[in-house]
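Colleague: I have a structure here, written as structure tokens, and I will follow up with some questions on it.
The values are calculated or read from the model by the stated rules, or taken from the named source; none is laboratory data. Quantities reported herein were computed from a predicted structural model and do not represent experimental measurements. Here the Cβ positions follow ideal geometry from the backbone for every residue, glycine too, while neighbour counts run over all protein chains shown.
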Amino acid sequence: MEEKNLAYIKSELLKGNNKCLEVIFKDEADFCVKNLSNTTSCSYEDAEDIFVESVLNLREKIIAGKITYLNSVRNYLYTTCKNMWSERVRKLAGTQKKWSSIQAYLHDEYKDDPIVQKEDLQETETMLKIANEALSKMNSKCQDIIYYFYVEGHSMTDIVELMDLSNSEVAKVLKYRCFKKLKNLVREFQKAGR
Amino acid sequence: MNSDKAQQLIDDYLSGTISAEDMALLRQAKEENDPVMEELKLSKAVVSSLRVNHRMTLKSELTDMLHAREL
């Protein structure tokens, strides 16, 4: 995919428009899903699930600016799909239990973390509900900056532009205050036993 | 460690942009059970939860796109 097309996709994704990814599903899904299910022991349903995950992975990398050019989107996605399938097979070896997406995502969040391990946090699953609830209680500006910085990983420069702020210092102060407020709300919810 | 420095460390840590020098500070804080660790654990749990929730929502949206192409 040409550089200008990826730049267009990035600008649309930054605006929150995921519809720009439809073309990837139309052009690449059949190839990747059929080949993965035909050449490995992966079922068709699992292959579809993995293909969606590979597009999610590509989306994150485009937003973070880690990918600005691709010779072939198809090759990139198919290679990612094969790697993801191998990883799933490895993870499932020795266990009959199928991981849910939530468990897999939580695992990804904590794997390779040298400071905080998932075992350090008893309340991770409960936190999934509390964190969303606390965020929903905040004003839209706070919700936006937390979402852009901590969830989507946008740069401060992008955030200044997206939120129409005067400069990155203003953005930093806003981020600091909003995140502090969010954590205080989470603490309140925890104390209230939600 | 003052609260501004602690917040900066936590933000850099959560966004994966922490320097080797600051990472050493965090490792030291972990060994010494510095109060910043409690703040870091809560921050990590909150941010990870928001990311997981967001990814689940996105995945559902993209799965709809996948199936829509078949219509």
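Colleague: Would you mind telling me which numbered condition in (1) under 30 Å from residue B:22 (Cβ atoms); (2) modelled with pLDDT of 90 or more residue A:80 fails?
Modeller: Against the list (1) under 30 Å from residue B:22 (Cβ atoms); (2) modelled with pLDDT of 90 or more, residue A:80 comes up short only on (1).
To keep it simple, each residue is scored yes or no on (1) more than 11 Å from every other protein chain (Cβ to nearest Cβ); (2) more than 29 Å from residue B:16 (Cβ to Cβ); (3) of a type in the set (A, V, I, L, M, F, W, C).
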| position | (1), (2), (3) |
| --- | --- |
| A:7 | yes, no, yes |
| A:25 | no, no, yes |
| A:41 | yes, yes, no |
| A:59 | no, no, no |
| A:62 | yes, no, yes |
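Colleague: Another one. Given the conditions (1) at pLDDT 90 or above; (2) among the hydrophobic types (A, V, I, L, M, F, W, C); (3) buried (at least 19 other Cβ atoms within 10 Å of the Cβ), and given that residue B:20 satisfies all but one, which numbered condition is not satisfied?
Modeller: Checking residue B:20 against (1) at pLDDT 90 or above; (2) among the hydrophobic types (A, V, I, L, M, F, W, C); (3) buried (at least 19 other Cβ atoms within 10 Å of the Cβ), the one that fails is (3).
Colleague: So if I check each of A:57, A:83, which one is of a type in the set (S, T, N, Q) and closer than 23 Å to residue B:44 by Cβ? I'd like the intermediate steps shown before the answer.
Modeller: Values: A:83 fails: closer than 23 Å to residue B:44 by Cβ.
Checking each option against the conditions leaves just A:57.
Colleague: A follow-up question, please. Mind checking whether some residue in the stretch B:14-23 is assigned to a helix (DSSP H, G or I) and polar (S, T, N, Q)?
Modeller: No, the conditions are met nowhere in the stretch B:14-23.
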